[in-house]
Amino acid sequence: MELNELIEHFNSGDTLGDDPEVLKLMRHYAREAQKITMEINTKFHEQDELTELFSKLTGKPVDDSFGLFPPFYTDFGKNITVGKNVFINSDCKFQDQGGIFIDDGVFIGHGVVLATLDHDLSPAKRHYLHPAPIHIGKGVWIGANATVTSGVTIGDNAVIAAGAVVTKDVQANTVVGGVPAKFIKNIE
(Lines give C-alpha, C1' and ligand atoms only; values in the text may rest on other atoms or scores of the structure.)
Protein backbone atom coordinates (compact mmCIF):
# COMPACT_ATOMS: atom_id res chain seq x y z
CA MET A 1 0.00 0.00 0.00
CA GLU A 2 1.29 3.46 -0.95
CA LEU A 3 0.80 6.73 0.97
CA ASN A 4 -1.87 8.01 -1.43
CA GLU A 5 -3.83 4.76 -0.97
CA LEU A 6 -3.57 5.10 2.81
CA ILE A 7 -4.84 8.70 2.69
CA GLU A 8 -7.65 7.59 0.37
CA HIS A 9 -8.50 4.88 2.91
CA PHE A 10 -8.62 7.49 5.70
CA ASN A 11 -10.63 9.95 3.61
CA SER A 12 -13.22 7.33 2.67
CA GLY A 13 -14.25 7.15 6.34
CA ASP A 14 -13.63 3.41 6.53
CA THR A 15 -13.06 2.00 10.00
CA LEU A 16 -9.43 1.33 10.78
CA GLY A 17 -9.23 -1.97 12.58
CA ASP A 18 -6.96 -4.94 12.31
CA ASP A 19 -5.46 -4.60 8.83
CA PRO A 20 -1.74 -5.15 9.51
CA GLU A 21 -0.67 -3.37 6.32
CA VAL A 22 -2.61 -0.22 7.25
CA LEU A 23 -1.33 -0.30 10.84
CA LYS A 24 2.29 -0.77 9.70
CA LEU A 25 2.06 2.18 7.30
CA MET A 26 0.34 4.35 9.95
CA ARG A 27 3.21 3.63 12.35
CA HIS A 28 5.78 4.41 9.67
CA TYR A 29 4.29 7.84 8.99
CA ALA A 30 3.77 8.47 12.70
CA ARG A 31 7.52 7.98 13.22
CA GLU A 32 8.26 10.27 10.27
CA ALA A 33 5.96 12.93 11.75
CA GLN A 34 7.71 12.57 15.10
CA LYS A 35 11.10 13.14 13.48
CA ILE A 36 9.94 16.25 11.63
CA THR A 37 8.07 17.72 14.61
CA MET A 38 11.12 17.10 16.81
CA GLU A 39 13.14 19.13 14.31
CA ILE A 40 10.49 21.88 14.36
CA ASN A 41 10.21 21.91 18.15
CA THR A 42 13.76 21.53 19.46
CA LYS A 43 15.66 24.40 17.90
CA PHE A 44 15.06 27.87 16.55
CA HIS A 45 14.10 28.19 12.87
CA GLU A 46 13.52 31.23 10.70
CA GLN A 47 10.00 31.37 9.30
CA ASP A 48 11.06 30.18 5.84
CA GLU A 49 12.67 27.12 7.45
CA LEU A 50 9.44 26.39 9.37
CA THR A 51 7.47 26.66 6.14
CA GLU A 52 9.86 24.21 4.49
CA LEU A 53 9.63 21.77 7.42
CA PHE A 54 5.82 22.02 7.49
CA SER A 55 5.77 21.31 3.75
CA LYS A 56 7.91 18.22 4.38
CA LEU A 57 5.59 17.18 7.22
CA THR A 58 2.44 17.47 5.09
CA GLY A 59 4.03 16.20 1.89
CA LYS A 60 2.71 19.20 -0.04
CA PRO A 61 3.83 22.78 -0.65
CA VAL A 62 2.87 25.32 2.01
CA ASP A 63 2.57 28.96 0.93
CA ASP A 64 5.24 31.45 2.03
CA SER A 65 2.52 33.37 3.90
CA PHE A 66 2.18 30.46 6.38
CA GLY A 67 3.08 31.18 10.00
CA LEU A 68 3.84 28.79 12.85
CA PHE A 69 4.99 29.32 16.43
CA PRO A 70 6.35 26.00 17.75
CA PRO A 71 5.95 23.67 19.45
CA PHE A 72 3.58 21.83 17.12
CA TYR A 73 2.48 18.20 17.32
CA THR A 74 0.85 15.75 14.94
CA ASP A 75 0.67 11.98 14.78
CA PHE A 76 0.51 11.62 10.99
CA GLY A 77 1.05 14.93 9.16
CA LYS A 78 0.30 13.78 5.62
CA ASN A 79 -3.44 14.58 5.73
CA ILE A 80 -3.14 18.28 6.62
CA THR A 81 -3.86 20.90 3.95
CA VAL A 82 -3.34 24.61 4.67
CA GLY A 83 -4.26 27.62 2.55
CA LYS A 84 -2.60 31.02 2.35
CA ASN A 85 -2.12 33.38 5.30
CA VAL A 86 -2.72 30.62 7.88
CA PHE A 87 -1.22 31.15 11.33
CA ILE A 88 -0.87 28.35 13.89
CA ASN A 89 0.14 29.47 17.37
CA SER A 90 2.23 27.44 19.82
CA ASP A 91 1.39 24.09 21.41
CA CYS A 92 -1.24 22.97 18.87
CA LYS A 93 -1.99 19.28 18.42
CA PHE A 94 -3.39 17.94 15.14
CA GLN A 95 -4.60 14.34 14.87
CA ASP A 96 -4.98 14.42 11.11
CA GLN A 97 -5.53 10.88 9.84
CA GLY A 98 -9.17 11.77 9.01
CA GLY A 99 -8.07 14.92 7.18
CA ILE A 100 -7.64 18.52 8.32
CA PHE A 101 -8.44 21.15 5.68
CA ILE A 102 -7.64 24.76 6.62
CA ASP A 103 -8.71 27.51 4.20
CA ASP A 104 -7.07 30.90 3.67
CA GLY A 105 -6.73 33.47 6.44
CA VAL A 106 -7.28 31.13 9.41
CA PHE A 107 -5.88 31.97 12.87
CA ILE A 108 -5.43 29.05 15.27
CA GLY A 109 -4.72 30.00 18.90
CA HIS A 110 -2.43 28.48 21.53
CA GLY A 111 -3.05 24.88 22.51
CA VAL A 112 -5.79 24.11 19.97
CA VAL A 113 -6.57 20.42 19.41
CA LEU A 114 -7.96 19.20 16.07
CA ALA A 115 -8.93 15.51 16.44
CA THR A 116 -10.14 13.54 13.41
CA LEU A 117 -10.31 10.04 14.91
CA ASP A 118 -12.79 8.44 17.30
CA HIS A 119 -12.38 5.08 18.98
CA ASP A 120 -15.23 2.59 18.73
CA LEU A 121 -17.62 2.70 21.69
CA SER A 122 -17.83 -1.07 21.97
CA PRO A 123 -15.20 -2.27 24.48
CA ALA A 124 -14.50 -5.30 22.29
CA LYS A 125 -13.73 -3.01 19.33
CA ARG A 126 -12.28 -0.05 21.21
CA HIS A 127 -9.04 -0.33 19.21
CA TYR A 128 -10.99 0.38 16.00
CA LEU A 129 -10.68 3.94 14.75
CA HIS A 130 -13.29 5.96 12.87
CA PRO A 131 -11.79 8.83 10.81
CA ALA A 132 -13.76 11.90 9.75
CA PRO A 133 -12.39 15.20 8.39
CA ILE A 134 -12.31 18.65 9.91
CA HIS A 135 -12.90 21.54 7.48
CA ILE A 136 -12.04 25.08 8.63
CA GLY A 137 -13.41 27.83 6.39
CA LYS A 138 -11.80 31.07 5.27
CA GLY A 139 -11.07 33.71 7.88
CA VAL A 140 -11.89 31.49 10.89
CA TRP A 141 -10.38 32.32 14.28
CA ILE A 142 -10.07 29.45 16.75
CA GLY A 143 -9.33 30.69 20.28
CA ALA A 144 -6.77 29.26 22.68
CA ASN A 145 -7.27 25.75 24.06
CA ALA A 146 -10.32 25.00 21.91
CA THR A 147 -10.92 21.45 20.70
CA VAL A 148 -12.55 20.58 17.38
CA THR A 149 -13.71 16.98 17.00
CA SER A 150 -13.96 14.71 13.98
CA GLY A 151 -16.43 15.40 11.21
CA VAL A 152 -16.86 19.12 12.03
CA THR A 153 -17.05 21.87 9.42
CA ILE A 154 -16.51 25.46 10.57
CA GLY A 155 -18.01 28.05 8.21
CA ASP A 156 -16.17 31.07 6.85
CA ASN A 157 -15.31 33.89 9.27
CA ALA A 158 -16.62 32.02 12.34
CA VAL A 159 -15.02 32.52 15.74
CA ILE A 160 -14.51 29.66 18.18
CA ALA A 161 -14.20 31.00 21.74
CA ALA A 162 -11.22 30.02 23.86
CA GLY A 163 -11.71 26.69 25.61
CA ALA A 164 -14.69 25.64 23.47
CA VAL A 165 -15.27 22.01 22.52
CA VAL A 166 -16.75 21.95 19.03
CA THR A 167 -18.67 18.74 18.34
CA LYS A 168 -21.06 20.00 15.62
CA ASP A 169 -20.78 22.11 12.49
CA VAL A 170 -20.48 25.88 12.98
CA GLN A 171 -22.33 28.26 10.69
CA ALA A 172 -20.40 30.98 8.83
CA ASN A 173 -20.15 34.41 10.47
CA THR A 174 -21.06 33.21 13.97
CA VAL A 175 -19.39 33.02 17.37
CA VAL A 176 -19.65 29.78 19.34
CA GLY A 177 -18.34 28.90 22.79
CA GLY A 178 -18.69 26.54 25.73
CA VAL A 179 -18.59 22.81 26.34
CA PRO A 180 -20.09 21.63 24.11
CA ALA A 181 -19.88 24.73 21.93
CA LYS A 182 -23.14 26.55 21.32
CA PHE A 183 -24.17 29.58 19.26
CA ILE A 184 -23.40 32.89 21.00
CA LYS A 185 -24.01 35.50 18.33
CA ASN A 186 -23.82 36.43 14.67
CA ILE A 187 -20.89 38.43 13.32
CA GLU A 188 -21.99 41.47 11.35
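The values are calculated or read from the model by the stated rules, or taken from the named source; none is laboratory data. The shown structure was predicted, so the numbers you read here are calculated from the model rather than taken from an experiment. Note: ideal-geometry Cβ built from the backbone for every residue, glycine included; neighbour counts use all protein chains shown. Ligands, DNA and RNA are excluded from the accessible area calculation, which covers all protein heavy atoms including side chains. Shrake-Rupley method; radii C 1.70, N 1.55, O 1.52, S 1.80 Å.
Output yes when any residue across the stretch 145-161 is open to solvent by 70 Å² or more (accessible area, probe 1.4 Å), at pLDDT below 95 and not charged (D, E, K, R), and no when none is. Give the steps one after another, and end with the answer.
Here is the first cut: in the stretch 145-161, the ones open to solvent by 70 Å² or more (accessible area, probe 1.4 Å) are 145, 157.
Imposing the further condition that a residue be at pLDDT below 95 reduces the set to none.
No, because not a single residue in the stretch 145-161 is open to solvent by 70 Å² or more (accessible area, probe 1.4 Å), at pLDDT below 95 and not charged (D, E, K, R).
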Scan of the stretch 146-170 for residues that are in contact with an Asp or Glu (Cβ under 9 Å, 6 or more places away or on another chain) and part of a loop (DSSP other than H, G, I, E, B), ordered by number = Thr149, Ser150, Gly151, Val152, Gly155, Asp156
Lone unmet requirement of (1) touching a Leu at 6+ places or on another chain (Cβ under 9 Å); (2) more than 20 Å from Ile108 (Cβ to Cβ) for Asp14 | (1)
Only listed residue being at pLDDT 95 or above and either closer than 22 Å to Arg31 by Cα or among the small types (Gly, Ala, Ser) (or both), chosen from Asp96, Asp118 | Asp96
Considering only the stretch 1-11, state which residues are without any contact (Cβ under 8 Å) to a residue 24 or more places away in the chain and open to solvent by 70 Å² or more (accessible area, probe 1.4 Å).
-> Glu2, Asn4, Glu5, Glu8
Residues that are in contact (Cβ under 8 Å) with a residue 24 or more places away in the chain and in contact with a Lys or Arg (Cβ under 8 Å, 6 or more places away or on another chain), drawn from the stretch 149-180 | Asp156, Asn157
Which residue pairs have Cβ atoms under 6 Å apart, sit 6 or more places apart or on different chains, and have a first residue in the stretch 114-140 that is more than 15 Å from Phe10 (Cβ to Cβ) and a second that is in a strand (DSSP E or B) and open to solvent by 10 Å² or more (accessible area, probe 1.4 Å)?
-> Arg126/His119
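So, in the stretch 110-144, of the ones that are touching a His at 6+ places or on another chain (Cβ under 8 Å) and assigned to a loop (DSSP other than H, G, I, E, B), which residue ends up surrounded by the most Cβ atoms within 10 Å (Cβ to Cβ)? Spell out how you get there, then give the answer.
Just the residues of the stretch 110-144 that are touching a His at 6+ places or on another chain (Cβ under 8 Å), to begin with: 117-120, 126-130, 144.
Pick out the ones that are also assigned to a loop (DSSP other than H, G, I, E, B) and you get 120, 126-128, 144.
On the way: Asp120: 15, Arg126: 10, His127: 12, Tyr128: 15, Ala144: 17.
Residue satisfying both the conditions and the ranking: Ala144.
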Please indicate, with yes or no, whether at least one residue in the stretch 102-109 is more than 16 Å from Val140 (Cβ to Cβ), open to solvent by 30 Å² or more (accessible area, probe 1.4 Å) and either touching a Cys at 6+ places or on another chain (Cβ under 7 Å) or assigned to a loop (DSSP other than H, G, I, E, B) (or both).
-> no
Those residues of the stretch 53-95 which are part of a strand (DSSP E or B), touching a residue at least 24 places away in the same chain (Cβ under 8 Å) and open to solvent by 10 Å² or more (accessible area, probe 1.4 Å), in sequence order = Tyr73, Thr74, Val82
Taking Asp18 as the residue in question, decide whether it is of a type outside the set (Lys, Arg) and farther than 22 Å from Val152 by Cβ.
-> yes
